[in-house]
Amino acid sequence: MINFATIGTNFVVDWFLEAVEQCDNLCYVATYSRDKEKGETFSKKHNGKMVFTDLNKLAKCDEIQAVYIASPNSLHYEQAKLLIENGKHVMIEKTITSNQKELEELINLAKKHNVVIMEAMRNVIDPGFFAIKEAIELVKPVRRVSFQYCQYSSRYDKYKQGIFENAFRK
């Protein structure tokens, strides 16, 4: 059984925890939030046992082996680095880091501390991915490919109304 914590209290973490309910070997035990009240409300909603407002305490907690990071992107690197250095496996929402240098450092740290680091992306199990894979066989050899993906942010309407959620804060 892998006991894990989450960082973040938004709807994406709700979705993640709903998916985890399908897994027999994962147990949600804690959440980290900068806001204690939000953390307690979120943890209670998902039957968590602990709430952390100090990331260092979460990193040092022996009851937790892994952490799902769904904080604002600008915090991913620092949070993941601290957790990895303390022997925690990490799954980090996209985008995993702000740049290649940060990612390479986290990968090297994960190897050094013998933990897993991964980006929370589903594209390689998406039916569209398999369709592309099959189509490539029909047009080989492929010499160049350029893919772009855009999605309307679910938070953008609030942003236009002057409500600035974490995703739009510096």
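Taken together, the values in this text are just the output of simple stated rules run on the coordinates, not laboratory data. In this text, all values refer to a predicted model and were calculated from it rather than measured experimentally. All Cβ positions, glycine included, derive from the backbone under ideal geometry; neighbour counts span all protein chains shown.
If I ask for residues that are more than 16 Å from the chain's Cα centre (by Cα) and touching a residue at least 12 places away in the same chain (Cβ under 8 Å), which ones from the stretch 30-44 would you list?
Passing the criteria: 34, 35, 36, 38, 39, 41, 42, 43.
Among the residues of the stretch 136-170, which ones are surrounded by fewer than 11 Cβ atoms within 10 Å (Cβ to Cβ) and of a type in the set (A, V, I, L, M)?
Once the filter is applied, which keeps residues that are surrounded by fewer than 11 Cβ atoms within 10 Å (Cβ to Cβ) and of a type in the set (A, V, I, L, M), the stretch 136-170 yields 138, 139, 142, 145, 163.
Can you name every one of the helices (runs of 4 or more DSSP H) wholly within the stretch 81-166 that holds 3 or more residues which are in contact with a helix residue (DSSP H, G or I) (Cβ under 7 Å, 6 or more places away or on another chain)?
Of the helices (runs of 4 or more DSSP H) lying wholly inside the stretch 81-166, those with at least 3 residues that are in contact with a helix residue (DSSP H, G or I) (Cβ under 7 Å, 6 or more places away or on another chain) span 100-112.
Answer with yes or no whether residue 130 is surrounded by 11 or more Cβ atoms within 10 Å (Cβ to Cβ), aromatic (Phe, Trp, Tyr) and either without any contact (Cβ under 8 Å) to a residue 40 or more places away in the chain or more than 25 Å from residue 1 (Cα to Cα) (or both).
Judged against the criteria, residue 130 is a match.
This table checks each residue for (1) in contact with a Leu (Cβ under 9 Å, 6 or more places away or on another chain); (2) among the charged types (D, E, K, R).
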{"position": "16", "(1), (2)": "no, no"}
{"position": "37", "(1), (2)": "no, yes"}
{"position": "44", "(1), (2)": "no, yes"}
{"position": "80", "(1), (2)": "yes, no"}
{"position": "84", "(1), (2)": "yes, no"}
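Which of the residues spanning the stretch 34-88 are basic (Lys, Arg) and buried (at least 21 other Cβ atoms within 10 Å of the Cβ)?
88
Pairs, please: C-beta under 6 Å, at least 6 apart or cross-chain, first residue in contact (Cβ under 8 Å) with a residue 12 or more places away in the chain and assigned to a helix (DSSP H, G or I) and in the stretch 52-76, second β-branched (Val, Ile, Thr) and surrounded by fewer than 19 Cβ atoms within 10 Å (Cβ to Cβ)?
73/95
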